[in-house]
Amino acid sequence: VQLQASGGGLVQAGGSLRLSCAASGRTFSNYYMGWFRQAPGKEREFVAGITWSGSSTYNADSVKGRFTISRDNAKNTVDLQMNRLEPEDAAVYYCAADLTHYGGSTHPTDFASWGQGTLVTVSS
């Protein structure tokens, strides 16, 4: 499955952004999808995940209550709504597909397909 992330940009602290990931190729609706981020000098970290049906979502503790992941299988998209952004949220954000597990994966090695990343910058 090919993934294309978009929606990044510059936002002030406290503001909002909505990232979107468009999928093509293999049947998108079969896969657990995730968003990760990587800041300069840091490891890639899990942000949020959503099962194929959308019935279950998972969030990193650092974004709970602020970020919401959702998907539209009819449009082959998975979105990440980010509210109350903080400078610590600044990073390149990646969408990814786990082709193996039903849900709950949080480690990057569980995800076989990756988008190219979209940069989020948060000014304080």
Go through the range 73-101 and give me each residue that's in a loop (DSSP other than H, G, I, E, B), without any contact (Cβ under 8 Å) to a residue 60 or more places away in the chain and either within 15 Å of Ala39 (Cα to Cα) or in contact with a Pro (Cβ under 9 Å, 6 or more places away or on another chain) (or both).
Ala90
Out of (1) closer than 14 Å to Asp98 by Cα; (2) surrounded by fewer than 17 Cβ atoms within 10 Å (Cβ to Cβ), the one Thr51 does not meet is (2)
Return the only residue of Phe28, Phe36 being open to solvent by less than 20 Å² (accessible area, probe 1.4 Å) and modelled with pLDDT under 95.
Phe28
Could you grab me the full set of residues in the range 13-22 that are under 15 Å from Gly49 (Cα atoms) and either at pLDDT below 95 or out of contact with any strand residue (DSSP E or B) (no Cβ under 7 Å at 6 or more places or on another chain) (or both)?
none
Report yes if Gly41 is under 24 Å from Val1 (Cα atoms) and out of contact with any His (no Cβ under 9 Å at 6 or more places or on another chain), otherwise no.
no
Answer with yes or no whether Ser70 is part of a strand (DSSP E or B) and more than 19 Å from Val122 (Cα to Cα).
yes
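The values are calculated or read from the model by the stated rules, or taken from the named source; none is laboratory data. In this text, all values refer to a predicted model and were calculated from it rather than measured experimentally. When we count neighbours, we look across all protein chains shown, and the Cβ atoms used for this are built from the backbone with ideal geometry, even at glycine. Just so you know, the surface numbers come from the protein's heavy atoms only, side chains and all, with ligands and any DNA or RNA stripped out. Shrake-Rupley method; radii C 1.70, N 1.55, O 1.52, S 1.80 Å.
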